[in-house]
Amino acid sequence: MPIIARSLLSANFLKLEEECKMLNESEADWYHLDIMDGCFVPNISFGPMIVEFFRKATTKICDVHLMIVEPDKYAEQFKNAGADQLSVHLEACPHLHRNIQQIRSFGIKAGVAINPHTPVSELSDVLPDIDLVCMMGVNPGFGGQKFIPHTFEKIKQLRKMIDERGLKVQIEIDGGVTLENASSIIAAGADVLVAGNSVFKSADPKATIKQLKQL
Ligand code: DX5
Ligand code: ZN
């Protein structure tokens, strides 16, 4: 059964209380909170203050995806805001191992996110030190984009790397996940599906989450 992480990027921010209630009642496992800085990605979203509100409104796991440069400057603020896990982008971190150590030192889970152009082989040396790989199925910055088919091959390669080394790293697929492609993504080896537009724009978000859970 896949873990479902609901992305809040495509929520109606005028109705966040209702969204939280619905999410809490749903079978979603994680809330996926997308932090964008207008520098690493061409969009700006929200900061630790909003994460703190969500932390108070839910008992579910707050999965924070940092699409920002120099994440070491802000990681502690996000941890203090209540993040259960923090993912940093490999492409934004010249000292990736240090970033991972910093997150682990907070006693929370550490993830590494990779863009569509980044080969999974670049994760090889940090794989034993992380809990999660957030593999982008689209170029980061916006919800509602189309899944890049080459991602299937990358999921299979990463699954093989993790299993051959007996590691417990989770593979999270972020961007472009729909009810139509979700079962193929799971079959390729993913553990976690980030659901943004496919859930928020559906007529019955709770039912859509249930359908994804049953895949
Ligand atoms: C994209 C974000 C995603 C996004 C997913 O940069 O990291 O989490 O919200 O949205 P959908 O599921 O609509 O592609
Ligand atoms: Zn994300």
Within the group 122, 153, which residue is in contact with a helix residue (DSSP H, G or I) (Cβ under 7 Å, 6 or more places away or on another chain) and acidic (Asp, Glu)?
122
Restricting attention to segment 108-136, which residues are assigned to a loop (DSSP other than H, G, I, E, B) and of a type in the set (A, V, I, L, M)?
108, 126, 130
Please count how many residues of segment 163-180 are surrounded by fewer than 20 Cβ atoms within 10 Å (Cβ to Cβ) and either within 16 Å of ligand 1 (Cβ to nearest atom) or part of a helix (DSSP H, G or I) (or both).
6
Checked 173, 185 against criteria (farther than 17 Å from residue 110 by Cβ, within 14 Å of ligand 2 (Cβ to nearest atom) and not basic (Lys, Arg)); the one match is 173
Do we have any residue at all in segment 19-27 that's at pLDDT 95 or above, away from ligand 2 (no atom under 16 Å from the Cβ) and either crowded, with 21+ Cβ neighbours inside 10 Å or among the hydrophobic types (A, V, I, L, M, F, W, C) (or both)?
no
In the set 39, 62, which member is within 20 Å of residue 143 (Cβ to Cβ), surrounded by fewer than 16 Cβ atoms within 10 Å (Cβ to Cβ) and not β-branched (Val, Ile, Thr)?
39
Restrict the check to segment 194-213 and report whether at least one residue is in contact (Cβ under 8 Å) with a residue 24 or more places away in the chain, part of a loop (DSSP other than H, G, I, E, B) and either within 16 Å of ligand 1 (Cβ to nearest atom) or polar (S, T, N, Q) (or both).
yes
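The values are calculated or read from the model by the stated rules, or taken from the named source; none is laboratory data. These numbers were taken from a predicted model, which means no experiment stands behind them. Counting neighbours? That spans all protein chains shown, and the Cβs are built from the backbone with ideal geometry, glycine included.
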